[in-house]
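What follows is a short report on a single structure.
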Amino acid sequence: MKINTTTKFLSIASLCLSLFFLNSCKKKDNEVDTETQSVVDNSICEQEFMQIQPTTNNLSINTKGTGAKKVTANSSLLASCDTLVYLSGDTTYTNLSNPPKWQFSFTSCSAANHDGVVRTGTILVTFLGKPKNTGSKTIIKMLNYKVNNNITYACDSIVVTTQPATANTKGFQVEIINGVCTGSGGWTIKYSSNKTITMNNNGTPLVFADDFTTVAGTSNGTNREGRNFSVAINDIVKPLNCKYITSGSLDLTPEGLSKRTVNYGNGNCDEDATYTVNGQTIAFKLK
């Protein structure tokens, strides 16, 4: 049987298209196994944004007039300038239309954190009710906030809602709205989250250095390469005296790729972590 030229051409074209799509699928499978940028970029944003609320809480409990619950153990370890500076508003909380506003400058008092990270810039804090009361809200904004003169952090606002406390813990619902992490090299990461942050005194309320923060919830963002990602956070832990997340896990899914399960280790204060995708475990650095 004689095959005409048109039929032969269509058959060849169809074969070429099949090979193209097959190769494209194979290439995407390889990408699933090797894409690390979403994991790294989420960690860069997560580590610092989970630090801001506990820091603000520690500052507020050492500041007269905020309505925060005083913790005696903090005062001996914080520098003399580690208090919020009053700007305006009603500190008696009787006039809710004029809530008290405070600020803190990391540039002039870098000792507010004990994790060895150098921070500059300012946070603005508005208390919509006494922060020690369950259900009260705190609004935090960041101005020229920079870490190690290398990464700038900003957001529309951080909305904190006080949760019920226990003898050893204080809990807060924390929403990061339109967060942006910008590196000195010109890259940008977008980041938003809604999570529960629990501050834990480790059963030793008079020993400040062993306190740690636990985080659970969800987040999402866009990595520096423009790929969107979503995250389910499974109780990750950051000690007060360490700049890294040290244990716990989260599930991160880059758009169009497979879910990665990130493991932050067993409690050692180091930059090492791993993620597992499609049965492969890959190491990466938390910076």
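Annotation note: of Asp82, Asp90, the sole residue that is among the acidic types (Asp, Glu) and either farther than 19 Å from Ile52 by Cβ or at pLDDT 90 or above (or both) is Asp90.
Is it true that Tyr275 is within 24 Å of Val147 (Cβ to Cβ), in a loop (DSSP other than H, G, I, E, B) and either among the charged types (D, E, K, R) or touching a Leu at 6+ places or on another chain (Cβ under 8 Å) (or both)?
no
The set of residues from segment 195-219 being surrounded by 15 or more Cβ atoms within 10 Å (Cβ to Cβ), closer than 23 Å to Asn42 by Cα and among the polar types (S, T, N, Q) comprises Thr196, Thr198, Thr213, Thr214, Ser219. Screening Ala209 with (1) in a strand (DSSP E or B); (2) touching a residue at least 24 places away in the same chain (Cβ under 8 Å); (3) of a type in the set (Gly, Ala, Ser) gives one miss only, at (1).
On the basis of being over 17 Å from Gln51 (Cβ atoms) and either at pLDDT below 90 or loosely packed, with under 14 Cβ neighbours inside 10 Å (or both), does Asn168 make the cut? Considered against the rule, which asks whether it is over 17 Å from Gln51 (Cβ atoms) and either at pLDDT below 90 or loosely packed, with under 14 Cβ neighbours inside 10 Å (or both), Asn168 comes out as yes. Being surrounded by 13 or more Cβ atoms within 10 Å (Cβ to Cβ) and either among the basic types (Lys, Arg) or part of a loop (DSSP other than H, G, I, E, B) (or both) is the requirement here; does Tyr264 meet it? For Tyr264, the condition - surrounded by 13 or more Cβ atoms within 10 Å (Cβ to Cβ) and either among the basic types (Lys, Arg) or part of a loop (DSSP other than H, G, I, E, B) (or both) - is not met. Looking only at segment 174-187, count how many residues are among the polar types (S, T, N, Q) and touching a Cys at 6+ places or on another chain (Cβ under 7 Å). Number of matching residues: 1.
Only a single criterion out of (1) surrounded by 15 or more Cβ atoms within 10 Å (Cβ to Cβ); (2) assigned to a loop (DSSP other than H, G, I, E, B); (3) of a type outside the set (Lys, Arg); (4) over 16 Å from the mean Cα position of the chain (by Cα) is not satisfied by Tyr244, namely (4). Of the residues Val147, Val159, Val118, which single one is within 17 Å of Asn57 (Cβ to Cβ) and either at pLDDT below 95 or not basic (Lys, Arg) (or both)? Result: Val159 is the single residue among Val147, Val159, Val118 that is within 17 Å of Asn57 (Cβ to Cβ) and either at pLDDT below 95 or not basic (Lys, Arg) (or both). Taking (1) at pLDDT below 90; (2) β-branched (Val, Ile, Thr); (3) in a strand (DSSP E or B) in turn, Thr281 satisfies each apart from (1). Residues in segment 165-188 that are assigned to a loop (DSSP other than H, G, I, E, B) and of a type in the set (Ser, Thr, Tyr) were compared, and the one that is farthest from Asn201 (Cα to Cα) is Ser184. Where strands (runs of 3 or more DSSP E) sit wholly within segment 80-158, those with at least 1 residues that are free of Cβ contacts under 8 Å to residues at least 40 places away in the same chain and surrounded by fewer than 13 Cβ atoms within 10 Å (Cβ to Cβ) occupy 85-88, 137-147. Would you please list the contacts, defined by Cβ atoms under 6 Å and residues six or more apart or on different chains, that run from a residue in segment 46-57 that is more than 14 Å from Leu286 (Cβ to Cβ) and part of a helix (DSSP H, G or I) to a residue that is small (Gly, Ala, Ser) and at pLDDT below 85? Pairs found: Thr55/Ala112. Taken over segment 31-46, the criterion of being surrounded by 21 or more Cβ atoms within 10 Å (Cβ to Cβ) and either closer than 17 Å to Leu84 by Cβ or not aliphatic (A, V, I, L, M) (or both) is satisfied by Ser38, Asp41, Asn42, Ser43, Cys45, Glu46. Quick one: which of Asn228, Asn223, Asn178 is surrounded by 16 or more Cβ atoms within 10 Å (Cβ to Cβ) and under 17 Å from the mean Cα position of the chain (by Cα)? None of the other options fit; the residue is Asn223. One residue alone among Ile189, Ile233 is among the β-branched types (Val, Ile, Thr) and under 18 Å from Val262 (Cα atoms), and that residue is Ile233.
The values are calculated or read from the model by the stated rules, or taken from the named source; none is laboratory data. Fair warning: this is a prediction, and the values are worked out from it, not measured in the lab. Backbone-built Cβ (ideal geometry, glycine too); neighbour counts: all protein chains shown.
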